[in-house]
Every structure is written in C-alpha cells, then in structure tokens.
1. First measure r as the distance between the Cβ atoms of B:V103 and A:S65, then evaluate 1/(1 + (r/R0)^6) with R0 = 41 Å and state the FRET efficiency to the nearest 0.05.
2. Output ³J(HN,Hα) for the range A:61-67: one whole-Hz value per residue in order, computed from phi by the Karplus curve 6.51 cos²θ - 1.76 cosθ + 1.60 with θ = phi - 60°, and x for Gly and Pro.
3. Work out, step by step, the length gained on full extension between B:H155 and B:T54: first 0.36 nm times the residue separation, then minus their alpha carbon distance; give nm to one decimal.
4. What is the percent of Cα-Cα separations in the range A:171-249 that go past 18 Å?
5. Using Cα-Cα distances under 8 Å and only pairs 6 or more residues apart, what relative contact order does the range B:70-227 have, in percent?
6. Given C-alpha coordinates of chain B, what is the ratio Rg to Rh with the Kirkwood estimate of Rh?
7. State in Å² the accessible area per residue of chain B; use a 1.4 Å probe, count heavy atoms of protein chains only, and round to the nearest integer.
8. Multiply the residue separation of A:K237 and A:K3 by 0.36 nm, subtract the distance between their alpha-carbon atoms, and state the gained length in nm to one decimal.
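The values are calculated or read from the model by the stated rules, or taken from the named source; none is laboratory data. Keep in mind the model is a prediction, meaning the values are calculated, not measured. In this analysis, Cβ positions are derived from the backbone assuming ideal geometry, glycine residues included, and neighbour counts consider all displayed protein chains. Quick note on the areas: whole protein, heavy atoms, side chains included, nothing else; ligands and nucleic acids left out. Shrake-Rupley method; radii C 1.70, N 1.55, O 1.52, S 1.80 Å.
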Amino acid sequence: MTKAGLLQIEGAGKTYRGGTQALSGIDLEIGRGEFVSLVGPSGCGKSTLLRLMAGLLSPSAGTLSWAGGARPEAGFVFQDATLMPWADVFSNVHLPLKLKGISAEDARARIMAALSRVGLGEAAHAMPRALSGGMRMRVSITRALVMEPTVLFMDEPFAALDELTREKLDDDLLTLWNEQGWTVIFVTHSVYEAVYLSERVLIMNETGRLEADMPIEGGFPRGQAFRDSQLFFEQVKKVSAALRGRSAP
Amino acid sequence: MSFSSSSSARLLGWALPLLVGLLFLGAWEWAVRAQGLPEFILPAPSRIGEALVTNAGSLFLSAWVTLKVTLAAFLLATVSGVGLAVLFSQSRVVETAFFPYAVILQVTPVVAIAPLILIWVGLDNVELALLILAWIVAFFPILSNSVLGLRSVDHNLRDLFRLYGASRWQTLTGLQLPAALPHILSGMKVSGGLALIGAVVAEFVAGSGASTGLAWRIIEAGNRLQIPKMFAALVLLSLLGIAIFFALSLLEYALLRRWHESAVKRES
C-alpha cells in the first residue's frame with residue numbers, strides 16, 4: 001500500500017550530553033494515515049526516535065521534514081496514563097483544548113462525546129485515582145484524540161496492562177484508527193501487538209539503528225479471527241526472527 | 001462494621017493522648033503537693049490554671065499580639081517563599097544567583113541578627129522588628145519546599161504541555177503549581193510553627209517591654225518570680241502552636257483530600 005508521505009527522516013541521530021549515542025543513521029518515511037510500529041530490545045532508542053518525531057527532542061544529526069512544513073496537530077500517549085492527579089477525568093481530557101484557549105463550556109459536547117466513545121461517559125467527574133489502570137489509559141487516549149490529531153504518538157501505552165485489557169484496547173484503537181484515519185506511530189515490546197496492529201513494523205537494534213522495515217499483510221478491520229490465523233503467526237515468527245537478527249526458518 | 005471500627009479508632013485517637021495528659025497532670029499535682037515544692041520552683045497545675053484565670057485579661061491580650069505578629073510573618077513568608085520559588089523555577093540563572101543568599105539568611109541565628117534589626121527599625125517600631133525576624137525564621141522551609149515541588153513535576157506531563165504548545169504561564173498555573181501544592185503545604189506546616197517560634201525568640205531578644213506579646217509576659221513574670229503566671233503564658237503559647245498546626249493540617253486536608261496519596265483515606 002502506498003500512502004502519501006507525511007514525515008521524511010534523513011540521517012537522523014541523537015547523542016545525549018555525556019556522549020551516549022541513542023540513535024544513528026535513521027532514514028525513514030512515514031505515510032499519511034499509516035499505522036507503524038517500532039519494536040526492538042530495551043534501550044535501543046525506540047522512545048528516543050518517537051520523541052524526536054514528536055518534536056520533544058531535537059536531533060543531533062540529520063533532518064526531519066513534515067509534509068507542509070511544520071509538524072501537524074499531534075497527540076502523545078505515554079506508557080503510564082500521565083494524568084493530572086488533581087484534576088477529574090473531564091478536566092484531563094479538556095487539557096489540550098484548554099491550552100489552545102477553548103473553554104470547558106465550548107468543549108463540553110466534544111469531550112463528553114469522546115468519553116462516551118471509549119465507554120467513560122459516566123466517569124467524567126471521577127478522579128484518576130478512582131479508576132482502574134485500563135480506564136486511566138482510556139482517558140489518556142481520549143485526551144490525545146480530543147484534538148483530532150493528524151498524527152498520534154504512542155509509547156508502549158498498554159505495556160502495564162493485563163493481557164485481556166490490552167487486547168480490548170488494541171481493538172478499540174484499531175476501530176478508532178479506521179474511523180478517523182490518523183497516522184499512528186506505536187512503540188511496543190510485544191511482537192504480537194506490533195503485528196496485530198500495524199501495516200508496517202520497524203525493527204531497531206541495540207546500536208540505535210533501523211534493522212528492518214517489514215510490511216504486515218492482512219486487511220482491516222482486524223479482530224480475533226486475524227489473531228487466530230496462520231498468517232498472523234507466520235508474520236509474528238518472521239518479525240521475531242528479524243528481531244533476533246536472523247531470517248525466519 | 002467498618003463504621004464502628006473507624007469511629008472507635010478516631011475516638012481512641014483523641015482519648016488516648018487525653019488520658020496520658022490527664023495522668024501526667026495528676027501525677028504532677030500529686031508530686032508538687034506531696035513534696036511540698038515551693039511555687040517559684042514548680043507550681044501545681046491547679047495553680048497555673050488559677051493564674052490563667054486571674055491574669056486572663058493581660059495574657060489573652062498578649063496572646064493576640066503574638067498571634068498577630070506570627071500570622072503576619074507566616075503570610076509574608078508564604079507569599080515571598082512561593083513567589084521566589086516560582087521565580088527560581090523560571091530561571092536557573094536567578095536560582096543559582098540568589099539561592100545561596102536564602103541559605104545564608106536561614107543559617108544565620110535569628111538571635112544574632114535581632115539587635116541589628118532592632119537598631120534599623122528603631123525601638124518605637126518593635127512590632128515591625130518582630131515581624132521581620134519571625135519572617136526570616138519562617139521563610140526558608142516554604143522556599144525550599146516550593147522549589148522542590150516546582151521541580152518535581154512529572155516529566156511526561158511537562159512534555160505533554162510542551163507538545164500542546166503551552167505558554168510558561170499556562171505551564172506554571174496548570175501544571176507546576178498544582179503539582180507542587182503538597183510540597184508547598186508541607187513547607188507551610190513547618191513554617192507555621194517556626195513563625196511562632198521566631199516571634200517569641202525575637203521578642204525575647206527585643207525584651208525591653210516595648211512589645212507586649214506572650215514572650216514579654218514570660219520575662220516579666222520570671223523577673224517578678226510569678227512562676228504560675230509564667231507557666232500560664234507558656235500554656236497559651238503551646239495552645240497557639242497547636243491551633244496553627246491544626247489549622248494548616250485542615251487546610252492541607254481540604255486541598256489534597258480528593259487526589260493526593262497523603263490525604264486520601266484507604267480502605268483497609
């Protein structure tokens with residue numbers, strides 16, 4: 001599938017103060033509306049690359065260029081929900097809109113619709129600490145989506161959740177992606193999750209370089225049938241093998 | 001079940017210290033009477049109570065004077081401590097330039113600088129001198145706690161504010177100050193007590209009779225060997241300290257009870 005280019009990265013590298021080289025020689029193109037996953041061993045620079053793309057870090061080498069010049073409207077979901085503990089669910093979701101000068105009154109309908117879409121309409125006035133881990137993550141995702149972003153950055157968002165909740169949230173995310181057509185860049189440790197969600201899986205190695213760029217077959221929408229399919233398992237095997245630095249048997 | 005156990009725990013929380021206090025006072029009363037200790041060495045609690053009632057007019061007036069200085073110094077310390085911490089959080093250069101001087105102010109014993117402050121403001125302005133001295137004592141815990149709180153903001157939340165293009169003001173009011181609130185309140189709790197100590201110590205040093213707070217009543221009673229009155233003034237000082245601590249604990253509970261781990265009650 002060829003999609004119009006959204007982000008072009010050429011020769012990007014990141015060396016932290018103190019000399020630690022987190023990334024080097026990254027060449028990559030992300031298409032508009034793509035779902036791309038980044039996998040690799042711990043400390044390989046996945047999160048650094050994601051933050052570089054989001055503009056939260058600046059590259060020490062190379063360039064990042066967005067179609068249209070500046071980075072488009074973006075949402076970011078972290079490994080933990082990263083909610084403001086002093087604010088209720090509604091205020092947490094309102095945050096990006098508030099920072100753009102949109103009042104709670106003007107945003108109320110939009111926020112409530114977004115919360116209802118993820119099954120949290122009733123919890124609008126609950127405090128984050130009263131919610132389960134899965135619910136907190138939904139709030140975090142809703143906050144990222146309420147701005148209707150063009151691109152969504154996700155840094156191992158479901159890693160701390162149990163398997164069932166994680167599968168449910170993966171499904172919800174895919175449904176929303178299908179409806180909204182954002183570009184999603186998703187960092188994960190799980191090869192299963194990467195294959196299930198993505199159109200492309202990018203594999204990074206310990207030296208902070210891109211090792212492989214693998215397209216994932218299987219149409220959308222995906223569901224349990226895809227998870228149980230031979231095609232899914234074969235691709236998981238292939239990606240796992242590439243991750244270990246050898247070809248699939 | 002849970003109601004009865006929690007309410008009995010609360011009752012125990014009050015009753016136990018009260019019982020210990022009553023036993024202590026009883027033993028004190030008995031010891032003084034049994035040993036026939038003279039009043040100028042150790043008066044019995046009943047005599048202290050009597051002195052409190054007899055001198056209620058002058059003692060409560062003095063307590064009001066001390067409380068006024070304490071509260072004014074505490075408010076000043078809160079505003080200046082949090083204000084300076086905010087300034088520090090906005091600029092590392094400002095923090096590096098000024099923080100050592102805040103430390104110097106803190107480590108210089110207030111007793112040593114009191115005479116100087118008195119000379120500067122003049123003996124006809126003793127209350128202002130007391131205010132300045134109590135402020136110096138109360139200021140640092142609020143500053144250092146606020147600086148710590150403003151710095152301890154979750155990095156991911158800070159990134160999120162950056163990603164959404166928040167201004168410095170939006171980051172300060174929407175993120176840094178709420179995140180620092182538990183630290184600020186804990187600094188305020190320490191400073192509340194210190195403001196009272198500062199006010200009393202300053203008055204002791206000023207100790208010319210130009211001020212009429214509780215510390216002066218203690219000096220005066222001591223000089224006249226009115227030891228029960230001296231103890232009565234001490235009791236009032238303790239009560240003031242306890243009242244300040246409770247008021248600040250209540251404020252902390254009211255502001256944090258919905259979200260902060262320190263104030264939220266857990267089911268057992």
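1. 0.25
2. 8, x, 9, 10, 10, 8, 4
3. So the extension gain works out to 30.4 nm.
4. 40
5. Computed over the range B:70-227, the figure is 33 percent.
6. Numbers: Rg = 22.9 Å, Rh = 21.4 Å.
With Rg and the Kirkwood Rh in hand, the quotient comes to 1.07.
7. Result: 55 Å² per residue.
8. 81.6 nm
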